[in-house]
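The values are calculated or read from the model by the stated rules, or taken from the named source; none is laboratory data. Predicted model, so just to flag it, every value in this text is computed and none were measured. Here Cβ is always computed from backbone atoms with ideal geometry, including for glycine, and neighbour counts include all displayed protein chains. Note: areas computed on protein heavy atoms with side chains; ligands, DNA, RNA excluded. Shrake-Rupley method; radii C 1.70, N 1.55, O 1.52, S 1.80 Å.
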Amino acid sequence: MKKYSQKISAFVLSLILVCTIPPFRTDASYEIAGICQVQTDVGNAGTVKTLDYGYDNNTYFSLRDIAMILKDTGKTFVLDITKNAVSLNTGGGYTPAGTENVPWETSENPDISLRRNEFKVNGQKVFYYTLIMAMPSGAYDCFMMAADLAMVLDVDITASGADAFQINTQVPFQVSPAALEQAGYFYGVNGVLVGDASTGEIYYQYQSGSAFPIASTSKLMTCLLTMEALAAGQISRDQLVTVSEAAQALAASDDGVIPLEAGQQITVQELLLGALLPSSNECAFSLAETIAGSEEAFVQMMNRKAQDIGLSQAFFYNSHGLPSFTQEPIPAKRQNRMSAEDMFRMVSYLLNVYPQIKEITSLQEATLPSMELEVRNSNPLLRNMSEVTGLKTGTTNKSGACLVTSLAADDGTTVHDLVVVVLGTEDSIERGRVSGLLARYALQVFSVGAEQSDAAAVPRNLPRNAEAAVDWILRSARK
């Protein structure tokens, strides 16, 4: 059992590590340049340039500055940064560009935009959100969040004071969801659950019993019913499906993903690939029509299946997760909904009964031969963690950004399916970061157990009592 003072310390670490002190002011275009002091556990130290993007304390750190500080440590890395791409290779000697560990060369706020630039770690493409900008000297620098950098380098980063951080190169990255929750990190998230789908054990949950809109993660139920139809011999993977006019209309709408045309023929396997990888609404709709004759009949099957497997908070209006409108003069706007608990239960059923679904959801890209079309998986964690095997993203204005992640974990005898459910984050950036943190927590718990994992995540060099911690947070927020 952790002591309260340890929880408060973990609280402060998490607050700093993921840079989530609530915004005290916002601006449509807000990039404030600053600096902080960073030192390592082996004595290296220096000034690191920072950018607060969008709002206060949404802080990104200069990779060049940190690379210079970590030079000659066990966590050294080499950087190659261009206008639109970053390559980070661990090991080797960093070559300075001449801008490292000095304050900003100008007092003007930089004109930059946050975007998903091409980012490679040891030659492999990964998905992290970064800021790339040209420094006045002409060299490019890249700015990254501390939490993302800690995950990439597998190091422990703690706050040692106001505007001061320590990188513990000999301590692996750890995360405590309980500390994040206490810090308020999940206040902007609808529901969260982390567990082992193979055993049913739940590692962590937050607001997991309340139903929320689930957007395109609804397609996992569509997929489940498709797998059942395949298993029953009702349909086959190579069966040709003729695209209906209704499917074409959906494809032609603003929510269209794959340009299906009425009369066109496409296989069930291709429809599964389209629904699960790029999240094609028209592919999910076509599967529904193929299995049940109409989407209306298929939705009834979805709701019956939800009841059969004990989903107490689930209700479906369509096969894909887009808003569903009634036919009234003033239409109601409804969305498929489910709790994180229900999602975990449904995904556990899917993975245990039809594990072959991971053959699709683990693909980073695929080809739809009938259309000669390349499609890409929308799940960012597939690029960031080798253990990830799926499963599904989803986003609408009402649902926020959702992601259901599955990971393979081997206990030496059996490979378990770990599952992370994250519903309703602010945007796709936070969806990936929250899911990435919790996915690493799932692997931690599977490896060493919940108590040891949480104990290892308790930081050092931070206030050790509640009063000091709260005072430190308030001072940081005011600043």
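Below, the figures for the structure above:
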{"quantity": "Centre separation in Å (Cα based) which lies between segment 400-452 and segment 137-215", "calculated": "11 Å"}
{"quantity": "Solvent exposure, largest accessible area first (probe 1.4 Å, DNA, RNA and ligands not counted), of 333, 219", "calculated": "333, 219"}
{"quantity": "Links that overshoot a 18 Å alpha carbon limit, given the list 305/398; 125/358; 305/358; 358/392; 71/125", "calculated": "305/398; 125/358; 305/358; 71/125"}
{"quantity": "Separation in nanometres of the label points that stand 7 Å from Cα toward Cβ, at residue 112 and residue 447", "calculated": "3.1 nm"}
{"quantity": "Reciprocal of mean inverse Cα separation for segment 237-394 (Kirkwood radius, Å)", "calculated": "16.6 Å"}
{"quantity": "Sum of -39500 (n - 2.57) over DSSP H runs of 4+, divided by residues of the chain (222 nm, nearest 500)", "calculated": "-9500 deg cm²/dmol"}
{"quantity": "Area of residue 312 that stays accessible when all protein chains are in place (1.4 Å probe, Å², to 10)", "calculated": "90 Å²"}
{"quantity": "Accessible carbon and sulfur surface of segment 315-403 relative to its total accessible area, %, 1.4 Å", "calculated": "49 percent"}
{"quantity": "Whole-angstrom gap from segment 62-88 to segment 236-269, using each part's C-alpha centre", "calculated": "46 Å"}
{"quantity": "Rounded FRET efficiency, nearest 0.05, which uses the C-beta distance separating residue 124 from residue 354 and R0 of 30 Å", "calculated": "0.55"}
{"quantity": "Inverse of mean 1/r across different Cα pairs in the chain, Kirkwood, Å", "calculated": "23.7 Å"}
{"quantity": "Sites residue 371 and residue 84 - FRET efficiency at Förster radius 22 Å, r taken between beta-carbons, to 0.05", "calculated": "0.15"}
{"quantity": "Surface share of carbon and sulfur [accessible, 1.4 angstrom probe, percent] for segment 52-161", "calculated": "44 percent"}
{"quantity": "Residue range of the chain that is longest and free of GluC sites (Glu not before Pro) which are both DSSP loop and sparsely packed (at most 11 other C-beta within 10 Å)", "calculated": "109-371"}
{"quantity": "Heavy-atom accessible area per residue - segment 107-237, 1.4 Å, Å²", "calculated": "35 Å²"}
{"quantity": "Mean separation of Cα contacts under 8 Å (6+ apart) over length of the chain, as relative contact order %", "calculated": "17 percent"}
